[in-house]
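Participant: Here it is: the structure, laid out below.
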Amino acid sequence: MISLRQRIVWASLLGSAALASSGAFAQTPAAPATSSTPSAAVAQADAGAPKAQHKRMDPAQRMERMQAHRAKRLAALKEKLKLNAGQESAWTTFAAASQPPAGARPQRMDRAEFAKLTTPERLERMQARQAERSARFAKRAEATKAFYAALTPEQQKTFDAETVHAGMHGHRGHHGPHGEAATAPAKS
């Protein structure tokens with residue numbers, strides 16, 4: 001869980017990065033593009049398009065995209081595990097518990113409305129949301145443990161390898177915590 005102090009530090013770092021990238025502190029003007037070909041200009045414009053397009057995506061579209069990605073990851077995991085017929089019910093329970101609740105994220109309270117609350121009321125609201133998240137996590141954990149117990153030792157090794165980063169940083173496959181490819185230590 002991220003503390004208030006950590007949130008403030010991250011917010012200030014992100015704000016500093018945004019100011020620096022906006023050119024507010026730039027000493028010299030940006031150099032114009034040296035390429036005179038239209039295709040090079042289009043390629044440069046397209047380089048930042050996915051990131052900008054992601055920010056402008058409708059929340060419903062973003063949720064749909066995330067659900068499709070989650071379904072694809074679960075299907076790949078199921079294929080790698082090579083489940084037998086006796087394990088299908090445990091898989092179904094596990095997959096259902098892995099899905100976000102219907103309605104996805106609870107609606108956030110309007111900032112103005114939240115500001116009108118007293119401090120004890122705000123704390124109660126935050127504590128209630130935390131309890132909801134803890135209950136959802138407990139449900140996922142129990143379903144995962146039950147599914148894991150139904151796997152063979154070889155399947156458990158595969159499950160461990162495929163889900164090692166899923167709980168901490170999202171699905172990263174065979175990459176480290178910062179996206180770099182994992183490498184074996186050099187032998188001397």
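The values are calculated or read from the model by the stated rules, or taken from the named source; none is laboratory data. Please read these numbers as outputs of a predicted model, since none were measured by experiment. Cβ: placed from backbone, ideal geometry, glycine included. Neighbour counts: every protein chain shown. Ligands, DNA and RNA are excluded from the accessible area calculation, which covers all protein heavy atoms including side chains. Shrake-Rupley method; radii C 1.70, N 1.55, O 1.52, S 1.80 Å.
Participant: Of all residues in the range 77-88 being assigned to a helix (DSSP H, G or I) and either touching a residue at least 24 places away in the same chain (Cβ under 8 Å) or touching an Asp or Glu at 6+ places or on another chain (Cβ under 8 Å) (or both), which is most open to solvent (accessible area, probe 1.4 Å)?
Facilitator: Only one residue tops the list, namely LYS80.
Participant: Please indicate, with yes or no, whether at least one residue in the range 124-134 is within 30 Å of LEU83 (Cβ to Cβ) and either under 19 Å from the mean Cα position of the chain (by Cα) or at pLDDT 60 or above (or both).
Facilitator: There is at least one residue in the range 124-134 that is within 30 Å of LEU83 (Cβ to Cβ) and either under 19 Å from the mean Cα position of the chain (by Cα) or at pLDDT 60 or above (or both).
Participant: Can you name the condition, by its number, that SER134 falls short on among (1) of a type in the set (S, T, N, Q); (2) under 20 Å from ASP160 (Cα atoms); (3) free of Cβ contacts under 8 Å to residues at least 40 places away in the same chain; (4) open to solvent by less than 80 Å² (accessible area, probe 1.4 Å)?
Facilitator: (2)
Participant: Which numbered condition in (1) part of a helix (DSSP H, G or I); (2) farther than 24 Å from GLN155 by Cβ is the only one that TRP91 fails?
Facilitator: (2)
Participant: Moving to a separate point now. Criterion first (among the hydrophobic types (A, V, I, L, M, F, W, C), open to solvent by less than 70 Å² (accessible area, probe 1.4 Å) and farther than 23 Å from THR158 by Cα) does ALA68 satisfy it?
Facilitator: When the stated conditions are applied, ALA68 does not pass them.
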